[in-house]
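The values are calculated or read from the model by the stated rules, or taken from the named source; none is laboratory data. For clarity, every value in this text was computed on a predicted model and none was experimentally measured. No Cβ is skipped: glycine too gets one built from the backbone with ideal geometry, and neighbour counts run over all protein chains shown. Just the protein is used for accessible areas: all its heavy atoms, side chains included, with ligands, DNA and RNA removed. Shrake-Rupley method; radii C 1.70, N 1.55, O 1.52, S 1.80 Å.
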Amino acid sequence: MRANKTDFLDQPLTSLVRASGKNTLPDTIELADQILMPVKDELDRSGRKFSTDLFVVSILYSLNEYDDAANLDHAVQNLVNMQKFGTEKKMLLEISAQTMRLPGGAEFVRRFAVTINSLSDGVARRLVHACFLQWRNALGMPKLTDKEKVLFGLSLPAKKDAPSLDSIRIGTQYELSDASALATRILKPVRGQTDKTIYEFAHSLFMAASLCNLHEARNPSMDEVLKFAVDPNWDCAKQIFHHVGRDGMGGEGARPKTKAWAEAFCDASCAMPDNVSSSLVKRSHALWTQALGLADETAKTATPAVLVEPANSVQIFKPSALFAATTLVSEMRAEHKGSGDRLLKAALENNGYRMLPDLKKACAVLEKAKGQFENLITPISYLQKNLVLSAAMGAKSFRVRPILLLGDPGIGKTYLAMALAGSLGGSMEKVSAGGAGFQLNGCQSTWTGAKHGQVFKALAEGSTTSPVFIVDEIDKMGADERYPILPVLLELLEPGTAAVFKDEFFEMDFDASRIIFILTANRLDNVPEALLSRMEIFDVQRPEPGQRLRIIEAELKELRAQTGKKIRFDKASSQKLADRTDIDMRRTTSIVRDAFVEAIMKDEKVAQIVMPVDGKRNAGRGSSYNGTSVGFLMER
């Protein structure tokens, strides 16, 4: 197995691998690794693994088909000869199906087939082409001729009605306007599908690429224009702009109008940050190929034409994972497709990026909340310190340690979660700890009533990396023993595992590591130790009468502002309600709002409220009410 690569092609495969028994697969993997080692850097990491695995499967297939006559040339040519199946994906699946019968390699091939099934036709085509060229290079085979490239599909022949550069009257006063007209014509199919800014940049860059190629070559093709933006000889995007502005338009002999345009384009493009200009060039090239019908069909419909990678943001959803999920959803039952498609489209907004919170603004909002719920000052201060630390560490290091609010119902725990969510610009989601784990991570689409998880939904539909989740009553956890919530919750509370959190419905990973969790409990006795070790615990007391009075007054102020009605409290009545510490704050707020609404409905000057005897929430004014009225005055 230690022959030089130049000798490999002349040897039968049976002399390179033991083609029977349990050693066949290890020998084949070793052979593939040895041959492809010199060219391993031609593809990215996932591409290298795919190329190696495909090479192994193709060798195994050749051993199965040609027996002792099989050689490495057969393994390489499999990728051409099997094209009778119509698409590269079908070809790969056919190779896998026939190879799976071999002893020893069946499980390896089965896993490879699963990978193939997750690919779209377009991705499979590109991978096969890349592997084919890489294998030939590794084995020292001669380069493909133009005819072979066309036969294999590596170079697409121009359509009869395809636009050409002939319409540009180069060297004349019309060259600039002709180039603009050609760019407009070519990009017309995608004009309404992309952001205005990126369309205008793609239009200008196409003009630049066309004019540069015409000035520098006698008879350039459209293919050369397309390659202009992705030529590996460019060190960076700004090198392209400098070339256009300095000497790409004919140097000193350029027409004044064309030269002035090229210099303006160069100046405007070079003023952008490096990452922005690089992103724009790549996205422009993608638009060109899409407009010319050279892009993969999946990419046409699924790839979002966003302007640039947003600043102060994190990519929560990988587009490749979303495309795979889209394929999965397309094969689901009708009752699952609608919501699945909608959420995947929402997740793909901004190319899967979500904004990090404005930490300065959030701290200011939380400072204001301290004045309303004084019993929450300690946990609020803790959250503020977390936000300040995250800001100091850098935007993408944003994390807030989960907190547990311990205390009776109605003490302001949900209020704190709402205030925090509002300050961060995100949503607030409430989950029952007594429920099943799949409410967070979804359940497989094969189940009856299958649904995506709340975590995926909150991040997909929101604009921030950090929605707030309140997990209620974790001391009552464990009601659903078949699908416990604890393992899912522990996964979400650890940044490492949360960064690759999986939604079972979509069968895809995404980054949920910046979600903020507020957990509540009435007591610690039944809270799992594994949870307690992952959070900060705050014992929240019921508000005292003085705090309650300020909350009542704040609620009234909010109602006055929202309705424009000038309602004021009688001090004695307000104090009487505030002294009723047996009534929780949720019920107290409801009493205030009910009296306010009733006064408006009856158009009365004094609004009356009736308080319950025991402070519990009641469905109506039955025997539990003592009929005590508290007066509110309305100014007309």
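A compact table of results
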quantity: Peptides 220-231, 564-575, 53-64 ordered by average Cβ neighbours within 10 Å, highest first; calculated: 53-64, 220-231, 564-575
quantity: For peptides 455-461, 32-38, 584-590, sequence by mean Cβ density within 10 Å, most packed first; calculated: 455-461, 584-590, 32-38
quantity: Gained length - Asn526 relative to Val80, 0.36 nm times residue gap less alpha-carbon distance; calculated: 154.2 nm
quantity: Distance violations [Cα-Cα > 28 Å] among Lys368/Lys502; Lys227/Lys318; Lys188/Lys502; calculated: Lys368/Lys502; Lys188/Lys502
quantity: Residues of the range 540-592: accessible area per residue with a 1.4 Å probe, Å²; calculated: 53
quantity: Modelled FRET efficiency - R0 45 Å, Thr446 with His129, Cβ distances, 0.05 increments; calculated: 0.85
quantity: Rough spin-label spacing in nm, given labels placed 7 Å along Cα→Cβ, for Asp33 and Glu553; calculated: 7.5
quantity: Difference of contour (0.36 nm per residue) and Cα-Cα distance, Arg45 to Asp68; calculated: 4.9 nm
quantity: Ordering of 465-477, 546-558, 530-542 by packing [mean C-beta count within 10 Å, highest first]; calculated: 465-477, 546-558, 530-542
quantity: Per residue accessible area in Å² of the range 340-460, where ligands, DNA and RNA are left out and the probe is 1.4 Å; calculated: 42
quantity: Stretchable slack from Ala260 to Arg169, in nm (0.36 nm times residue separation minus alpha-carbon distance); calculated: 31.0 nm
